[in-house]
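Colleague: Just passing along the structure, written as structure tokens.
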Amino acid sequence: MFRIRTLAAATAALLATFVTPAHAGKTLDAIKAKGQLACGVSTGVIGFSAADSQGQWRGLDVDVCRALAAAVLGDPNKVRWVPLNSQQRFTAIQSGEVDILSRNTTWSLTRDAGLGLHFTAVTYYDGQGFLVAKKSKVTSAKQLKNAEICVQSGTTTERNLADWFRAQGIKVKPVVFEKFEPSIKAFFSGRCQAYTTDASALAFIRTKEAPNPDDYLVLPEIISKEPLGPAVRRGDDEWFAVVKWVVQALVEAEELGITQAKVDALKASPDPAIQRFLGVGEDLGKSLGLDREWAARAVKAGGNYGELFERNVGAGSPLKLPRGLNAQWNKGGLMYGLPLR
């Protein structure tokens, strides 16, 4: 037994001598050469990606790109924002127009396996719902028989709508729009009896777009799973790893108690996990082709995942969405940061 354990230890030590820093990869090399990250965002979804009155981009998806720019370029402001509608988004990432698609996009099998993409992580667990006018007296989606329902084309929403009502044996009439803005204008003008999209977006539409929010109701049914997250092109495993682990770092930072304000102070922490995270202890950056403080900079750019959530879609935002499934795993949610070690 002693000889087996000794051999195992010797083998592990030998393998460790062959671990070398990862090559940065062609995408990261190009980003560093340009000094800028090209981030594909929406044309305007409050809470996820939208330009404010001063033209500054804000939202959960925006903050993911800012954290990534901080990690790889040392500056969260070195981002070129590329607004994309639903039809443009996949072509933009496939063609190389953008380096990352961070645009409230659902991770599905056909997209992940059939469009030449790699989804890197889930940044928001969502689901599709319905918005109706209270005067319609509709309190359940099952009461929408023969209703005209506004929906945006080129989305999972359009297919989910058809699938769910077919399964219920209920006929509805989809009214399809290519762009987001005309679709919501049509709903509020009375063109449709209901509007359907992700529940998070419905909260924004009701709060910010309705003539009087109290006149509208989000129905209780959630008819789909919509795990939203950033995607990158296939063919560059190094860049895929960088994006994946920056997102994981934001989630792990919340669990470890590493906030935007405490990054520098926590470098004196005796906790080995915090030391590794902040680059004080083990150098994790070399495995990604980055320096040792990449994760510290990602958090310092805008905060950990919990801070990003609260500011953009949670209690500190106009949407005031509950954490729900997006809470940490040890608080009843699905957010589970993979180990940084």
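The values are calculated or read from the model by the stated rules, or taken from the named source; none is laboratory data. This structure is a prediction, so every number in the text was calculated from the model and none was measured. Methodologically, a virtual Cβ is constructed for each residue, glycine included, from the backbone with ideal geometry; neighbour enumeration extends over all protein chains shown. Just the protein is used for accessible areas: all its heavy atoms, side chains included, with ligands, DNA and RNA removed. Shrake-Rupley method; radii C 1.70, N 1.55, O 1.52, S 1.80 Å.
Colleague: Considering only Cα-Cα distances, which of the following residue pairs are longer than 29 Å: Lys179/Lys225; Lys137/Lys331; Lys26/Lys300?
Modeller: Beyond 29 Å: Lys137/Lys331.
Colleague: Ranked highest first by average number of other Cβ atoms within 10 Å, how do 57-66, 35-44 line up?
Modeller: Top of the packing list down: 57-66, 35-44.
Colleague: Follow-up. Give the accessible surface of the stretch 28-68 per residue, rounded to a whole number of Å², with probe radius 1.4 Å and ligands, DNA and RNA excluded.
Modeller: 36
Colleague: What is the spin-label model distance, in nm, from Thr207 to Asp291 if the labels are put 7 Å beyond Cα along the C-beta direction?
Modeller: 3.7
Colleague: What is the percent carbon and sulfur in the accessible area of the stretch 286-341, measuring with a 1.4 Å probe over the protein chains and ignoring ligands?
Modeller: Here it works out to 58 percent.
Colleague: Using 0.36 nm per residue, how much length does the chain from Lys34 to Ala186 gain when fully extended, once their Cα-Cα distance is taken away?
Modeller: Net length gain for the segment: 50.5 nm.
Colleague: While we're on this one: Taking just the alpha-carbon atoms of the stretch 128-224, what radius of gyration and Dmax come out, in angstrom?
Modeller: When restricted to Cα atoms, the stretch 128-224 yields Rg and Dmax of 11.9, 34 Å.
Colleague: P(r) for the stretch 25-174, please, calculated from all Cα pair distances in 10 Å bins and given in %.
Modeller: Histogram of Cα-Cα distances, whole percents per bin: 10, 33, 30, 17, 8, 2.
Colleague: Then there is this: So with the 1.4 Å probe, I'd like the accessible area per residue for the stretch 128-224, rounded to whole Å².
Modeller: Per-residue value: 50 Å².
Colleague: What part of the accessible area of the stretch 128-224, given as a whole %, is carbon or sulfur when the probe is 1.4 angstrom?
Modeller: Whole-percent figure for carbon plus sulfur exposure: 48.
Colleague: If DNA, RNA and ligands are ignored and the probe is 1.4 Å, what is the ranking of Lys26, Lys173 by accessible area, most exposed first?
Modeller: Lys26, Lys173
Colleague: Further question: Tell me, what is the Rg over Rh of the chain, with Rh the Kirkwood radius over Cα pairs?
Modeller: When Rh is taken as the Kirkwood radius, the ratio is 1.03.
Colleague: Rank by packing, highest mean first: peptides 191-199, 280-288, with packing defined as the count of other Cβ atoms within 10 Å averaged across residues.
Modeller: Averaged packing, sorted descending, gives the order 191-199, 280-288.
Colleague: How high is the relative contact order of the chain, in percent, with contacts defined as C-alpha pairs under 8 Å that are six or more residues apart?
Modeller: Relative contact order, the chain: 22 percent.
Colleague: Same structure again: Hey, rough spin-label estimate for Ala113 and Lys137, points 7 angstrom out along Cα→Cβ, what's it come to in nanometres?
Modeller: About 4.7 nm, to one decimal.
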